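Worksheet: one structure, shown below.
The values are calculated or read from the model by the stated rules, or taken from the named source; none is laboratory data. These numbers were taken from a predicted model, which means no experiment stands behind them. Because the Cβ atoms are built from the backbone with ideal geometry, glycine has one as well, and the counts that use them run over all protein chains shown. We work out accessible area using only protein heavy atoms, side chains counted, and drop any ligands, DNA or RNA first. Shrake-Rupley method; radii C 1.70, N 1.55, O 1.52, S 1.80 Å.
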Amino acid sequence: MERIIHPTERGQVTIPKNIREALHISADTPLVIRQEGRRIIIEPVSGLELLTRQLEQEAKTRGISPEELVAEVERVRQELFNKRTDVKQ
């Protein structure tokens with residue numbers, strides 16, 4: 001799908017309805033925008049990807065290494081798994 005659009009004075013663009021529908025984009029769908037050379041890429045972001053990005057940013061802010069972050073996520077994942085399956089430790 002291709003369509004020519006024009007940004008508003010403030011740089012805003014509207015994603016055409018047929019593209020929004022094809023990609024299941026609604027008003028509450030998070031999008032990521034980035035520049036690749038002369039291209040502007042806009043992509044929907046899954047809830048899990050959004051959470052991962054937020055965790056990575058929080059870890060960076062707090063000085064937590066990627067390894068420590070992975071270990072903490074695994075600890076919490078295991079804890080939640082145990083609660084859901086009612087496994088006693």
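Gain on full extension, evaluated as 0.36 nm per residue between Val45 and Thr14 minus their Cα-Cα distance, stands at 9.4 nm.
For the chain, what is the accessible area per residue in Å² when the probe is 1.4 Å?
Per-residue accessible area for the chain comes out at 94 Å².
Using a 1.4 angstrom probe on the protein heavy atoms only, could you order Ile42, Ile25, Ile4 from most to least accessible area?
Accessible-area ranking of Ile42, Ile25, Ile4, largest first: Ile4, Ile42, Ile25.
A straight chain from Lys60 to Arg75 at 0.36 nm per residue would run longer than the Cα-Cα distance by 3.5 nm.
In a solvent-free Debye calculation with one equal scatterer on each Cα, what is log10 I(q)/I(0) for the chain at q = 0.15, 0.17, 0.21 Å⁻¹, listed in the order of the q values? Rounded to two decimals, the profile gives -0.81, -0.91, -1.10.
The Cβ shell under 10 Å around Leu69 holds other residues with a net charge of -4, Lys and Arg each +1, Asp and Glu each -1.
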